[in-house]
Structures are given as structure tokens and as C-alpha cells.
1. Is it true that Thr155 is surrounded by fewer than 21 Cβ atoms within 10 Å (Cβ to Cβ), without any contact (Cβ under 8 Å) to a residue 60 or more places away in the chain and in contact with a His (Cβ under 8 Å, 6 or more places away or on another chain)?
2. Failed condition for Gly145, given (1) surrounded by fewer than 19 Cβ atoms within 10 Å (Cβ to Cβ); (2) touching a residue at least 12 places away in the same chain (Cβ under 8 Å); (3) out of contact with any helix residue (DSSP H, G or I) (no Cβ under 6 Å at 6 or more places or on another chain), with all others met?
3. What are the pairs with Cβ atoms under 8 angstrom where one residue, in the stretch 81-95, is under 13 Å from Gly181 (Cα atoms) and the other, located anywhere, is outside any strand (DSSP E or B) and hydroxyl-bearing (Ser, Thr, Tyr)? Sequence gap at least six, or different chains.
4. Is it the case that the stretch 9-24 has a residue that's out of contact with any Pro (no Cβ under 7 Å at 6 or more places or on another chain), under 26 Å from Gly103 (Cβ atoms) and at pLDDT 95 or above?
5. What number of residues in the stretch 84-100 are of a type outside the set (S, T, N, Q) and either surrounded by fewer than 21 Cβ atoms within 10 Å (Cβ to Cβ) or at positive phi (or both)?
6. Checking the conditions here, which among Ser49, Ser73, Ser102, Ser107 is closer than 24 Å to Val138 by Cβ, of a type in the set (Ser, Thr, Tyr) and not in a strand (DSSP E or B)?
7. Restricting to the stretch 158-187, count the residues that are surrounded by 18 or more Cβ atoms within 10 Å (Cβ to Cβ) and not in a loop (DSSP other than H, G, I, E, B).
8. Every residue in the stretch 165-181 that is over 17 Å from the mean Cα position of the chain (by Cα) and either free of Cβ contacts under 8 Å to residues at least 24 places away in the same chain or within 19 Å of Ile66 (Cβ to Cβ) (or both), please.
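The values are calculated or read from the model by the stated rules, or taken from the named source; none is laboratory data. Given the structure is predicted, the values throughout are model-derived calculations rather than measurements. Cβ placement follows ideal geometry from the backbone for every residue including glycine, while neighbour counts extend to all protein chains displayed.
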Amino acid sequence: MDSQPSHCPMKTLIRTKTLFGLSVAAAVLMCCSNGQASITGWSNWGNDSGLLNCTSWLDTSPRLTIQAAQDTSGPASAWGTIHTDTANDPTLTINDQINNASGIDWSAFTLDIFMSSTFTIGPSSPSVANPSGWTEVVTQPIFTGTSWMGEIKFTGGTPVSANPSSANNLFNFTYQITFAGSLSYNFSEQGSATPVPEPASVTFILLGMGALVCSWRMKRSENI
């Protein structure tokens, strides 16, 4: 049972002053009734090659913190097992802190959430602490045949910068899940980013349109 992260060397991409602002960024955990289960641990942590320096730990709130740098637009996945003391309905707050190491600014981000049991997202989540101005659309979980899958689409706002020295290089968001039916739950996240269109691409399109206009005028002049 893991109660603290296995501290991998963290790149300078992840800024300490932002990471420890978690108490401000995270949503307040919903009050639990006496019948709700307590989350007792988090184990079997893993992640794929799309995430760098990826660590996680379970706070006593309970709150699960995941820190990573994502070096691709995605999808990039992380996973683990949540443990509870009873099968009643625990609520877990999850705070993701993802540095953009892909080399391209992000204008949108889709988070797919998978669990071995049915769950719900919210109701007081998600929320984005950084960058500012983002909005979220939640799709509640459906059964896919092998697991339950829900989705959060983040759009708008200040792009997540690919510049590691920028304050907006960190995509910091929080959401809550409530689930039931077991003492252990397989959990995974899969994040996919939408790159901001490169100005060079827009310039190329405009140049192409200009060339077509010039060609059309030349042909018209020849026919007069």
C-alpha cells in the first residue's frame, strides 16, 4: 500500500512553488456521511512513455495527486489501484499537475477516465487552477464492455505553454469521482492535448491563396 510517492528525480519543468499550491488549487472534498467508505491506500502505480517523471501519492484528505510532464500531444496514460475499507461510496479528489513538454502549445485537453466499477464525476468538479479561463464539459461514465469510462473536455482559456519557463507551462486541474461496490478499484487516466495551430501553417495557406489569385488574374489578362 503506497502512502507516499516513490520520489523520482523531477525535471526543472515542474515548479515547486506551483506544485505546493495544491491546497488552493484542489476542490474541497465533499462531506462524507458515516456510511461512506474511507480510502485507505493507492498502489500498483504505472504510466506509459508519454509521461516523464510521473509520480503520484494519496493525501489524507483523501486526495490523489499526480505530477508529470507530458512529452507528446497524446494520448498518454497513468494508472493505479484505489483501496477502501468498505464497499460503500467513497469520494476521491484527484489533482493533476501536468507540465507541457511536447514542444507545442495546447489549446484543448481531453481526459478519459477508466475504472473497474461504475463511478460518477462531480458534481462540484472539475476546475482548472492554471492557466486561466478554461471551461470544462463532463461526460458521465458508460460501460465499454471491459470497464467504465467517463470523459472531461477542457477548452478555451490561455493556452498551456510549451515554454518551460512560462507560468502557463503547467496544466493544473482538479476533479472528483465517487464509486462503490468493491474494496479495490482499478483506475486509469488518458490525456490527449490539442496543439495550437502553428502560425507557419496559416501563412502557408495565405500564400497559397495569394498564388491562386495571381494565377487567375494572369489568365484573365491573357484572355482579354
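1. On the way: surrounded by fewer than 21 Cβ atoms within 10 Å (Cβ to Cβ): yes; without any contact (Cβ under 8 Å) to a residue 60 or more places away in the chain: yes; in contact with a His (Cβ under 8 Å, 6 or more places away or on another chain): no.
No.
2. Evaluating Gly145 over (1) surrounded by fewer than 19 Cβ atoms within 10 Å (Cβ to Cβ); (2) touching a residue at least 12 places away in the same chain (Cβ under 8 Å); (3) out of contact with any helix residue (DSSP H, G or I) (no Cβ under 6 Å at 6 or more places or on another chain) leaves (2) as the failure.
3. If the second residue must be outside any strand (DSSP E or B) and hydroxyl-bearing (Ser, Thr, Tyr), the pairs left are Thr84/Ser38; Thr84/Ser182; Asp85/Ser38; Thr86/Ser38; Ala87/Ser182; Pro90/Ser38.
4. Among the residues of the stretch 9-24, not one is out of contact with any Pro (no Cβ under 7 Å at 6 or more places or on another chain), under 26 Å from Gly103 (Cβ atoms) and at pLDDT 95 or above, which makes the answer no.
5. In the first step, residues of the stretch 84-100 are kept if they are of a type outside the set (S, T, N, Q); the result is 85, 87, 89-90, 92, 94, 96, 98.
Remaining after also requiring either surrounded by fewer than 21 Cβ atoms within 10 Å (Cβ to Cβ) or at positive phi (or both): 85, 87, 89.
Total meeting the criteria: 3.
6. Details: Ser49 fails: closer than 24 Å to Val138 by Cβ; Ser102 fails: closer than 24 Å to Val138 by Cβ; Ser107 fails: not in a strand (DSSP E or B).
From the options Ser49, Ser73, Ser102, Ser107, the qualifying one is Ser73.
7. Here is the first cut: in the stretch 158-187, the ones surrounded by 18 or more Cβ atoms within 10 Å (Cβ to Cβ) are 159-162, 168-177, 179, 185, 187.
After this cut, where a residue has to be not in a loop (DSSP other than H, G, I, E, B) as well, the list is 159-160, 168-177, 179, 185, 187.
Summing the residues that are surrounded by 18 or more Cβ atoms within 10 Å (Cβ to Cβ) and not in a loop (DSSP other than H, G, I, E, B) in the stretch 158-187 gives 15.
8. Ser165, Ser166, Thr178, Phe179
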